[in-house]
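Please read the structure below before turning to the comments.
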Protein chains: 4
Amino acid sequence: MEAVKVLGSGRFGKAAKILAEMFQDKSYMNFISIAGPLVPGGLRVIIRDLVNAGHISGIVTTGSNVTHDMLEALGHRHVVGSESADDSILRKRGLSRIYDLYVTQKSIEILEKRTYRILDSIPESQRRDIASYELLWEFGKRIHDSNSLVRTAQLRGTPIFCPGIFDSMLGLNLWTYSRLHPLVVNPLKDFSKLVDMTYERKKVGVLILGGGMPKHQVLIANTYRGGVDAAIQITLDRADGGGFSGAPLEEAISWGKIKSPKKLVTVVGDATIIFPFLTVAALERMK
Amino acid sequence: MEAVKVLGSGRFGKAAKILAEMFQDKSYMNFISIAGPLVPGGLRVIIRDLVNAGHISGIVTTGSNVTHDMLEALGHRHVVGSESADDSILRKRGLSRIYDLYVTQKSIEILEKRTYRILDSIPESQRRDIASYELLWEFGKRIHDSNSLVRTAQLRGTPIFCPGIFDSMLGLNLWTYSRLHPLVVNPLKDFSKLVDMTYERKKVGVLILGGGMPKHQVLIANTYRGGVDAAIQITLDRADGGGFSGAPLEEAISWGKIKSPKKLVTVVGDATIIFPFLTVAALERMK
Amino acid sequence: MEAVKVLGSGRFGKAAKILAEMFQDKSYMNFISIAGPLVPGGLRVIIRDLVNAGHISGIVTTGSNVTHDMLEALGHRHVVGSESADDSILRKRGLSRIYDLYVTQKSIEILEKRTYRILDSIPESQRRDIASYELLWEFGKRIHDSNSLVRTAQLRGTPIFCPGIFDSMLGLNLWTYSRLHPLVVNPLKDFSKLVDMTYERKKVGVLILGGGMPKHQVLIANTYRGGVDAAIQITLDRADGGGFSGAPLEEAISWGKIKSPKKLVTVVGDATIIFPFLTVAALERMK
Amino acid sequence: MEAVKVLGSGRFGKAAKILAEMFQDKSYMNFISIAGPLVPGGLRVIIRDLVNAGHISGIVTTGSNVTHDMLEALGHRHVVGSESADDSILRKRGLSRIYDLYVTQKSIEILEKRTYRILDSIPESQRRDIASYELLWEFGKRIHDSNSLVRTAQLRGTPIFCPGIFDSMLGLNLWTYSRLHPLVVNPLKDFSKLVDMTYERKKVGVLILGGGMPKHQVLIANTYRGGVDAAIQITLDRADGGGFSGAPLEEAISWGKIKSPKKLVTVVGDATIIFPFLTVAALERMK
């Protein structure tokens, strides 16, 4: 079938082409930003494989996705639920809801204990001014689940930047720990690492799943090198409100976050559906 | 005209009723969370008035809204532009775009210099572990614009929490400053303050404009007191992707972030259009 | 407060300005297109008032809004419900749901009987090739509710075009009737009337609430005169899918449906919330 | 990889399962409804193949998709354009825009001539009261393009219902023709056929791509048999506005349009991207 070059299917095709180039051209250093429930939505293993294959050199994520990666690493399985459940009843039953999946209160308690143990084992001097990516490497060393993103990233020396790590269930554990023990997670150190990694690279590509702070951090860090060379975003957020999450990638050119309009594309949709097909399409093109 | 109790108009009416109660019942401590370009979209003066009237006791915001508040305080006026401009040309002309408004590169440079001067004037000991709300109070003391949210909040002793302050144009200035001078902005200190403020309050209400980290921080901090008592959100984000920004408030009940389904409502729409009318409607009901 | 000229608030302000001009400049003939549950959402009385004030000369609507106007004219009140009800249970209880409002099966049965009686009273010769606007005038003559749009439009000689009238609860009654009696509702006759009304008018303005066929019919009929002179649309539909409902008005210029980009604006939002405020804002400007 | 059962990926998986059952279980009679630019977006050939394979027994579509099918059958190729073009300039150059694709004015003129020739060749008696599906069969007989949906459907005896055929570029040709020659396209006749086809079928399944009248017609016609047995919808429209296009399928249960909540699912997204993958996923499951 001849490729359609317009509308949604055209944008998907363009994204597959750009992604294949990002993966194939070894002068690219690629980052992925993830926001929204993408780990519980099934992308955990795909991103892990891309990290293992060397296609992704850095991850920028919300605290929530790290929390879920660790919950799964601890053996927790999400409960398949319903988006129209009575939330007051769920609360009483110890279940917390994300659209149609439930997280058990019990698993969150197990995560808390485990987090404390890991934090205890990190030298205090290191804890006094630690970047999120450093903290997550420490976590990765102590996790034994080959499906885990945190574990895989540590083994590969790939940083997971989580500048808003404090704003998550895991973050609550960091906060309660910090009330009794020295702990300062410093997002400015993350940013330095991100700028250092990208500054002198020949080419930088970014794959943006969802918006939020992960999208913004990875793009703004690249302003110091004149913007990224290629960018793909998959999002359901819309542009009209003016918010950054739904903003078209073209807008980022005016801020020096992206170099040119040639290698950028927005695919409108749910990343849990589209990203697996996009990855397969890009890998197919590379054969 | 008889009030419509269903569909969008019904949700708006319910929101006006809840907001009037939040403003009128003095046992409420109210917070507003803002994400998206709401300050440049015109809500700056309305929120300032609500702070001055004592209706809002705490603000949780993105770094971007603080950046824009300070740009305006420094005399910068946004340029009215077009959402279909050529961003490469804008870039060459020193203009950065947010949908259909332009920010001049020059104003961002002025902000940088001013930010450095303010940071220099803050004692080094304070800078070594400062919460965003403390930092913004220091900024407020040094801003002379009665329309400014940062200024007004400082004068009223109202904290502006900006846990992701580093992720903004202003944040870049903090980062470059931190490369040469001691500066650690500590989001965990912000969270402690937020929990301390709300923990023993009889009632807490939240007004959520846009999603993102501001929405999440204000709600999660209230889990320690069993959830907020009233919540209104205005958003264009949708629920189906499962992301927190578009999540219905009901979902937050299952996480212990909101107490009950009785006093919560989501109004679908653009906060820059809806919030002014909602405020007027609430104030009218109080007469 | 100085008017904001950008983002959502700027679009709302521009819409109010254009609408005031459409109402004030007597060389304008104005049409309103309505799709989505706007009558049950409370806009019925506002549109009636605009028709009575001579601000609206033609209505283009879905069959559903006519159905609801007639249900209300027959004394039916919508039941305030919940959007998360169990629809199988509602079905058993004789309730049909539109988001959070319920229509009783009983009221639909009453409408059926009444529709048959009205159809019986229309001369057979007229029924053999009737436009929807002619049919609705016949209905209007036989409805005694001053709040009714169908009644008001008939009294004022304002046509209500309902080219998809067959695709509604009312339409089912037309279909069952047509199985036993002569009845042909001819949309091409509606179109002729619409073209005839607009063809030689000095200026035509359209107010588009929601998308669908009503939006398309009113715009495409104006291609014969080179496009409309002013257009405002309020919609939650998005542009990216390429569908006509969410398409920006600019696109319509390339089809000759709108004359120029000067007097057109899209306000993103729910018309049941935004349209009442927009009308008030336009009328205020006219003072 | 284990199937994800939640969020977007879970809904996609459920849709693939239901679709496979609809295709495989020969007691199903399946319909597809299409709204939005799906033919120009590349779904033309896929739907044709499904018709040829006997998986689809009826199509309900907007006039626009028929127009584009015929334009392509006449040799017209869409021009790949840009969504940010200047529409006034496009207009002058004889190009009409649908998001990022252009239709040439010339091709529309060729379609007009061809349409007239076909209409001339249909006996006048037939033209005086013709259903859209009958008219399209007449067109199909006179089109010689094996990729054409209209042609394929005629060869297979599959009706294409186009109840709003008059509301399209093709419809304008019908209208101008009807000013000089006898022509009445009667949507009530389409509805009779649709009810007759489904009324006594053991099982009916529907595949809903986009919303609008096609979605409503196919569902409402099935109320006479107690609702459809299985339903899948792919849409970007949202539920909150209350409009039918974005309404969840569950709502249709309360109207008797769908039998039970067991075999229905909404996949949020752009059908031009998702439908091809969904079809492949369903066909894979059948092996």
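Some points to look at:
- Counted charge near D:Ala53, where neighbours are those whose Cβ lies closer than 13 Å (Asp, Glu -1; Lys, Arg +1): +2
- A protection proxy built from the mean count of other Cβ atoms within 10 Å ranks the segments A:235-248, A:136-149, most packed first, as A:235-248, A:136-149.
- When the charge dipole of chain C is built from unit charges on Cβ atoms (+1 for Lys and Arg, -1 for Asp and Glu) and taken about the Cα centre, the candidate among C:Leu155, C:Leu207, C:Gln233 whose Cα reaches farthest toward its positive end is C:Leu155.
- Kirkwood Rh in Å, taken over region D:11-112 so that all alpha-carbon pairs contribute: 15.6
- Share antiparallel - DSSP beta bridges, the protein assembly as shown, percent rounded to 5: 20
- For peptide D:57-69, the mean count of partner chain Cβ atoms within 10 Å of a residue's Cβ comes to 1.
- Taking all protein chains into account, the per residue accessible area for chain C stands at 35 Å² (1.4 Å probe).
- Computed from Cα atoms alone, the Kirkwood hydrodynamic radius reported for chain B is 19.6 Å.
- Region C:75-104 versus region A:106-179: alpha-carbon centroid distance in Å: 48
- For chain C, size of Cβ-based charge dipole, Lys and Arg +1, Asp and Glu -1, in debye: 500
- Principal semi-axes of the equivalent ellipsoid, √(5λ) from the alpha carbon gyration tensor of region A:27-178, are 26, 20, 13 Å from largest down.
- Rounded to the nearest 20, the Cβ-based charge dipole of region C:162-256 about its Cα centre (Lys and Arg +1, Asp and Glu -1) stands at 320 debye.
- For region D:30-42, 3J(HN,Hα) per residue [Karplus equation, 6.51 cos²θ - 1.76 cosθ + 1.60, θ = phi - 60°, Hz, x = Gly/Pro]: 10, 10, 10, 10, 10, 9, x, x, 7, 5, x, x, x
- In region D:1-33, comparing the full protein assembly with the chain on its own, the residues that lose 30 Å² or more of accessible surface at a 1.4 Å probe are D:Met1, D:Val4, D:Lys5, D:Val6, D:Leu7, D:Gly8, D:Ser9, D:Arg11, D:Phe12.
- Shielding of peptide D:89-102 by partners, expressed as the average count of other chain Cβ atoms within 10 Å per residue Cβ, is 5.
- Descending by average beta-carbon neighbour count within 10 Å, the peptides B:274-286, D:66-78 line up as D:66-78, B:274-286, the highest first.
- Helical segments meeting 20 Å axial Cα length and Kyte-Doolittle -0.5 threshold in chain A (DSSP H): A:7-24, A:271-286
- Dipole magnitude of the protein assembly as shown about its Cα centre (Cβ charges: Lys, Arg +1; Asp, Glu -1), debye to nearest 20: 0
- Using only alpha-carbon positions in region B:159-272, the gyration tensor eigenvalues give semi-axes of 28, 19, 11 Å once each is multiplied by 5 and square-rooted (largest first).
- Buried solvent-accessible surface, both chains (B, A), 1.4 Å probe, Å² to nearest 100: 4900
- Within region C:103-228, the proportion of C-alpha pairs whose separation exceeds 19 Å stands at 53%.
- Options A:Met29, A:Leu101, A:Leu90, ranked by Cα towards positive dipole end of region A:13-108, top entry (Cβ charges): A:Leu90
- Cα radius of gyration and Dmax for region A:113-182 (Å): 11.6, 33
- Residue-averaged beta-carbon neighbours from other chains (10 angstrom radius) around A:246-258: 6
- Whole-number D in µm²/s for region D:1-56 (Stokes-Einstein; Kirkwood sum over Cα pairs; 10 °C, 1.306 mPa s): 122
- Cα gyration tensor category, rounded, prolate or oblate, for region A:247-287 with a/c compared to 1.5: oblate
- Interchain or long-range residues, amide H under 5 Å from C:Asp100's placed H: B:Leu7
- Reciprocal of mean inverse Cα separation for the protein assembly as shown (Kirkwood radius, Å): 30.6
- Relative compactness, region A:39-81, computed as alpha-carbon Rg over 2.2 N^0.38 Å: 1.23
- With a cut-off of 12 Å between beta carbons, the residues surrounding C:Ser107 carry a summed charge of +1, where Lys and Arg count +1 and Asp and Glu -1.
- Of the chymotrypsin sites (Phe, Trp or Tyr not before Pro) found in region D:8-42, none is in coil by DSSP with at most 14 other Cβ atoms within 10 Å of its Cβ.
- From the alpha carbon centroid of region D:226-286 to that of region A:36-63 is 29 Å.
- Mean residue ellipticity (222 nm) of the protein assembly as shown, computed from DSSP H runs ≥ 4 via -39,500 (n - 2.57), nearest 500: -14500 deg cm²/dmol
- Rg/Rh ratio calculated on Cα atoms of region B:58-142 (Kirkwood radius): 1.06
- In this assembly of identical copies, the label point of B:Glu109 (Cα plus 7 Å along Cα-to-Cβ) is separated from its counterparts by 5.4, 6.0, 7.8 nm, sorted shortest first.
- Near D:Ala16: Cβ cut-off under 12 Å, other residues only, Lys/Arg at +1 and Asp/Glu at -1. The net charge is +2.
The values are calculated or read from the model by the stated rules, or taken from the named source; none is laboratory data. Given the structure is predicted, the values throughout are model-derived calculations rather than measurements. Note that we place each Cβ from the backbone using ideal geometry, even for glycine, and neighbour counts take in every protein chain shown. Heavy atoms of the whole protein, side chains included, go into the accessibility calculation; ligands, DNA and RNA do not. Shrake-Rupley method; radii C 1.70, N 1.55, O 1.52, S 1.80 Å.
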